[in-house]
Each structure stands twice: as structure tokens, then as C-alpha cells.
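Here's the structure, in C-alpha cells; my notes come after.
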Amino acid sequence: MEREKAAQLLSDNLKNIFAFSLSRLYDRSKAEDLTNDIVCEVLKCAHRLKNDDAFYGFMWRIAENTFKKRIRKNNFQTTAFDEDFVGTYWVTPEDEYLKAEELHLLRRELSLLSKQYRETTVAYYIAGKSCSEISADFGISTEMVKYFLFKARKILKEGIGMIREFGEKSYHPGTFRMDYWGSGDNSCYWQLFLRKLPGNILLSAYYTPVTMQELSVELGVAVVYLEDEIALLMKHDIIRKIGDKYQTNIVIFTDDYEKELAEKIKPVCQKAAEQFNEKLSEVLPTLKALDFKGNDYSQNRLKWTFANLAMVFALNLSDSIGRKRFGDYPLLSNGSYGFVFGYDNDYQNHHFHGLYGHCENSDHTAYFSAENYRILGESQFWEPVNWNESVEAMCDAILEKSPDPDSDMLIKQIRDGFIASRDGKLSAEFPVFSSDMLDGTIWPILKPLAEDVCGCMIQVCDLAAQTLRDFIPKALVEQGEQLALIHHQADVMALIVETMVERNWLAMPKGNEKPCVFGVKR
């Protein structure tokens, strides 16, 4: 073979040769030296090769011989001959190294075996149990135990000969953040994603179904630990099994998708904000003149309140249209109805820090709504710690009840400025309306504004659904259309409010004001 052709083929396979070297030496610097030695040896001997088609076998044979030569050279020691020695074989340094290498590869492949193969193999070869004992332990037939052992040996033999490289997520985990839209206590989902591993499983299995072994290599985590995580995700319908593979079963709004959509919808929302501000300014004096707790607040604070109230009305209208179009929300594993979904970034494109649209007490005598527009800042955010206790405390303040001294959440919300306690009575530090006033007076006044915003929401969400098709797996397209409406209708609320702030139609609240919280007495 000509030297130039050999050099070109070596150049094309340089990554594979380096991977071979790294899998043998586990040291990047040493692997680079070995790769260089292999390349030199192949080039030096290439002229001897008569058949060009045999190059790859020739190259790997030289690679293996060069590796062995290096081991012998590095581990050579002079050993005194034992005259009492009888035999024809003794262990060389090379043999010791290769034995350790084989043991490492065996352990690597054992970590990739699925549960039934791994447990029977460990029980038979490591615990020393018989096939009948394993049969009794695992409740399977002896023949099935033998089949598992036979199959495991075959898988291990094939795997030991493979060059495996851990995926990027084994050392550089991706960012996954969960979101939820629906009713009821969703803490089980938030708890699930407090760790990096579940989110990175979803990211790895999003576009293409993957086997447990492929996940293991990509994430650098043994199958024995992945199995529990996968089982938990499947319990909550967040991942699904397709044959022997797994695929993410929730929509992930990617950073690329959200940035592309933002360019399309921002001008639409800015135009809607102009019309919204004009109409709100016209009706604000009428709304301020109504008899409700908080009508003595400043002009700016009340404008925030009624702007937000119109947004909530629009959200309800849009949600009603969505339910007619797509049907009710699906039943979730926690018994509530809604959606679990996610993002591949750290909420970087978010406009909200949570929306709490209808938080009602247990006896249905009061409720409140809190919209945490991110533009406001953390001091204005309402965040429940213990959901039921937090809601009851807020509603007690709306109803001006006596304070419960045993309520930790009441103390927290007094400290955060949402509730005050005066003369033995609680007081809400935000506007409170009667349900009759809200439904019979405020709604008719704000209805035209809400309908305009709802129209903008539907326009934006249809555009979002079309855009999202290019960024999610086909199996999730139907779910994606409904989620596009759910997710981006709230974005319209925020973008309109943000535009009003940017153009000085709304001033940022002062001090500890809570401009986007309102309560209702029934």
C-alpha cells in the first residue's frame, strides 16, 4: 500500500485509534502517546500490505501489538529465577494488566445489564447460588434462570469487545426545569425533579426512544440505579416504554423554540397593549368609584389591580375556548387534572414566577388570585409553602377573621406583607371585592378589554402551536397544541403588562405593595 493512502486512512480513523488507546490506558496523555506510536508503526509497515482492502485488520493488529509492547516495556522487571520452580508458565506484567483490564470491562458491562440478566448473573457467579436456588429466590422457573444466564453471557461477551464512550451528560448535565398547569396539590412532581438525574433522563430520551443501556452510557450511571428512576417517571406517566426503549412523554419547551416564538409574538402583544391601555384608562374612574376594600389606594396601584383583573378574565375566556377545542385537561397521576411539562433552560424565557388563579378556602366562603409577574420582583410574589394552610390564612384575612396563633403560614404572610393584624382582626393588604360586585358590576365593565386580550391570546397560541410542531416529537404534537394555548396565553398577559411598564403607562409599585393580588368574598 502506498504511504499517502495509508496516511489518509489513518487520518480518517484517528478518533477511533485514540478511543482505543484511551480505553486501554485511562489517561489522556498516555493515550495520546500510544496513538502516536500506533500511527508511526502503521506508516512504517504500510508498504508490506499487499491488499489495500485488508488495511483495517492490519491497522488494529498493529494497534494491539503496539499496546502490548508498551505494557511490556513499562512493566519490565528483573526477577531472580527460582530453581525450585516447576512448570512452563508464569504470570507476566502484561498478563496482570490485561487481567485487570478484562475485569474492568466485565464490571462495566455488568453495570449495563438489565435487571433480570444482572440479578441472575450476580446470584450465580458472585453469590455462588445454584439455578434452583435462584429460581426459588426470584419466583421464576429453572429453565428461565438458565436462559437468563445464557443470554447474559452472550451480552457480556459482545459488550466487552466494544469501545464505549460516555455521553456529554455524564460530565456536563443538561438543565431541565419542570412546570405544572392544573388543579390540586402538585408537590409530588416538584419533589421528583429536585435532583438532576430525572430531568436529564427526559432530555436524553426526548426526540428518540433509547434503551436503558443507551441511557446508562449517555448519563454515566449504572443501570441498577437508573431502573428506580425510570420506574418512578413511568409511574407518573412522564416517560413511556416502547418495546425495550423509553421515550419522554411530556412536552419540553426548548430554548430555541421559545426564542424563535418570542420574535413572532412580541409585536402582536405590543399592539394589543396600546388598545388595552386606552380602554382601561377610560373605565378606571368608574371602577375606582365603586365601594370595595382598597378603593382608597393610589391611582397607579388600582390601575395595576384592574389591569391584572382584566387579564384574569381574559385568561378564563381563553381557557374556556381551549377546553371547547381540545376537551378537558387529562387526568394526572396525582388525581388532579392538568399538565406536567418542562424547559431545557433555567426558566430564562419566563414572564411569570407562578400564577395562582383561584385559591379558595375549605368552606368556599372566599378566594383570592395572585399573579406573580416576573417584572414586579420577588417582594411582590405570593408563594405558598404549605398550600392548604397558606390559602386558609389568606382567605381568613379576606373575611377579617381573628388570627389563628398556631398558623405558621399566617405568621409568614404577615411578615411578607400580604396580611395585617389589627385590633384582634386580620386584614387583607390587597383589594377585596364581593362576588356580587365582581360578577355583576366589574365584569361587565372589563368584559370588552378581556375579550380583546383573549383574541390576542388565541392568535398568539395558534402561532405557537404551528411553531412548536418543528420542535417536539411527533407523538407529542396533539398534547403540544393544547399546551401551547395553556402556556402562551399567560405570556400574552405578561407581555401586555411589560409593554405598559416600558411605556410608563404603569409605574412600578412602591415599597411592599401587592398590585396583582385581589380577594373575593362570597
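Data overview
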read-out	value
Region 324-347 residues that are among the β-branched types (Val, Ile, Thr), paired with ones that are in a strand (DSSP E or B) (beta carbon under 8 Å, 6 or more apart)	Val340/Met178; Val340/Asp179; Val340/Tyr180
Residue check for Glu451: within 35 Å of the chain's Cα centre (by Cα) and loosely packed, with under 15 Cβ neighbours inside 10 Å	yes
Of all residues making up region 383-398, the number that are out of contact with any Gly (no Cβ under 8 Å at 6 or more places or on another chain) and under 22 Å from Leu302 (Cβ atoms)	0
Region 422-468: number of residues that are acidic (Asp, Glu), modelled with pLDDT under 95 and farther than 21 Å from Phe313 by Cβ	1
Condition broken by Asn51, with the remaining ones in (1) at pLDDT 80 or above; (2) under 26 Å from Ser216 (Cα atoms); (3) surrounded by fewer than 12 Cβ atoms within 10 Å (Cβ to Cβ) satisfied	(2)
Any hit, region 358-376, residues being over 22 Å from the mean Cα position of the chain (by Cα), of a type in the set (Val, Ile, Thr) and closer than 19 Å to Ile419 by Cα	yes
Residue check for Glu498: among the acidic types (Asp, Glu), buried (at least 17 other Cβ atoms within 10 Å of the Cβ) and modelled with pLDDT of 95 or more	yes
Count of region 285-320 residues which are without any contact (Cβ under 8 Å) to a residue 24 or more places away in the chain and within 23 Å of Gly511 (Cα to Cα)	4
Identity of the residue in region 470-522, part of a helix (DSSP H, G or I), farther than 21 Å from Cys269 by Cβ and among the aliphatic types (A, V, I, L, M), that ends up nearest to the chain's Cα centre (by Cα)	Leu476
Selected residue (only one of Ser183, Ser187, Ser170 is in contact with a helix residue (DSSP H, G or I) (Cβ under 9 Å, 6 or more places away or on another chain), open to solvent by 50 Å² or more (accessible area, probe 1.4 Å) and among the small types (Gly, Ala, Ser))	Ser187
Pairs with Cβ under 8 Å, 6+ apart, first in region 39-53 and within 11 Å of Glu2 (Cα to Cα), second open to solvent by 100 Å² or more (accessible area, probe 1.4 Å) and of a type outside the set (Asp, Glu)	Leu43/Arg3; Ala46/Arg3; His47/Arg3
Only one of Ser183, Ser204 that is among the hydroxyl-bearing types (Ser, Thr, Tyr) and over 16 Å from the mean Cα position of the chain (by Cα)	Ser183
Options Val268, Val251: the member that is closer than 22 Å to Cys188 by Cβ and not basic (Lys, Arg)	Val251
Positions within region 456-480 being in contact (Cβ under 8 Å) with a residue 40 or more places away in the chain, over 14 Å from Tyr257 (Cβ atoms) and surrounded by fewer than 20 Cβ atoms within 10 Å (Cβ to Cβ), in sequence order	Ile458, Gln459, Ala475, Gln479
Tally, over region 133-167, of residues that are over 39 Å from the mean Cα position of the chain (by Cα) and open to solvent by 70 Å² or more (accessible area, probe 1.4 Å)	4
Single match in Lys264, Lys279, Lys303 (criterion: basic (Lys, Arg), under 30 Å from Ala420 (Cβ atoms), part of a helix (DSSP H, G or I) and in contact with a helix residue (DSSP H, G or I) (Cβ under 9 Å, 6 or more places away or on another chain))	Lys303
Top-ranked residue in region 11-31 [being polar (S, T, N, Q) and in contact with a helix residue (DSSP H, G or I) (Cβ under 8 Å, 6 or more places away or on another chain); ranked as most open to solvent (accessible area, probe 1.4 Å)]	Asn13
Neighbours by Cβ (under 9 Å, 6+ apart or cross-chain): first from region 248-274, surrounded by fewer than 19 Cβ atoms within 10 Å (Cβ to Cβ); second small (Gly, Ala, Ser) and not in a strand (DSSP E or B)	Lys264/Ala464
Output for region 426-452, where each listed residue is touching a residue at least 12 places away in the same chain (Cβ under 8 Å), out of contact with any Pro (no Cβ under 8 Å at 6 or more places or on another chain) and over 16 Å from Thr305 (Cβ atoms)	Ser427, Ser435, Lys447, Pro448, Glu451, Asp452
Criterion (within 39 Å of the chain's Cα centre (by Cα), closer than 30 Å to Glu278 by Cβ and either crowded, with 22+ Cβ neighbours inside 10 Å or among the β-branched types (Val, Ile, Thr) (or both)) met by exactly one of Phe430, Phe418	Phe430
Yes/no for Ala490 being within 30 Å of Leu332 (Cα to Cα), touching a helix residue (DSSP H, G or I) at 6+ places or on another chain (Cβ under 9 Å), open to solvent by 10 Å² or more (accessible area, probe 1.4 Å) and not hydroxyl-bearing (Ser, Thr, Tyr)	no
Scan of region 501-521 for residues that are closer than 26 Å to Ala393 by Cβ, open to solvent by 50 Å² or more (accessible area, probe 1.4 Å) and out of contact with any strand residue (DSSP E or B) (no Cβ under 6 Å at 6 or more places or on another chain), ordered by number	Lys510, Gly511, Asn512
Ser336 being surrounded by fewer than 18 Cβ atoms within 10 Å (Cβ to Cβ), closer than 17 Å to Gly182 by Cβ and not charged (D, E, K, R)	yes
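The values are calculated or read from the model by the stated rules, or taken from the named source; none is laboratory data. Everything quoted here is computed from the prediction, not taken from an experiment. Every residue, glycine among them, receives a Cβ derived from its backbone with ideal geometry; neighbour counts consider all protein chains shown. Each accessible area value is taken on the protein alone, full model and side chains, heavy atoms only, with ligands, DNA and RNA left out. Shrake-Rupley method; radii C 1.70, N 1.55, O 1.52, S 1.80 Å.
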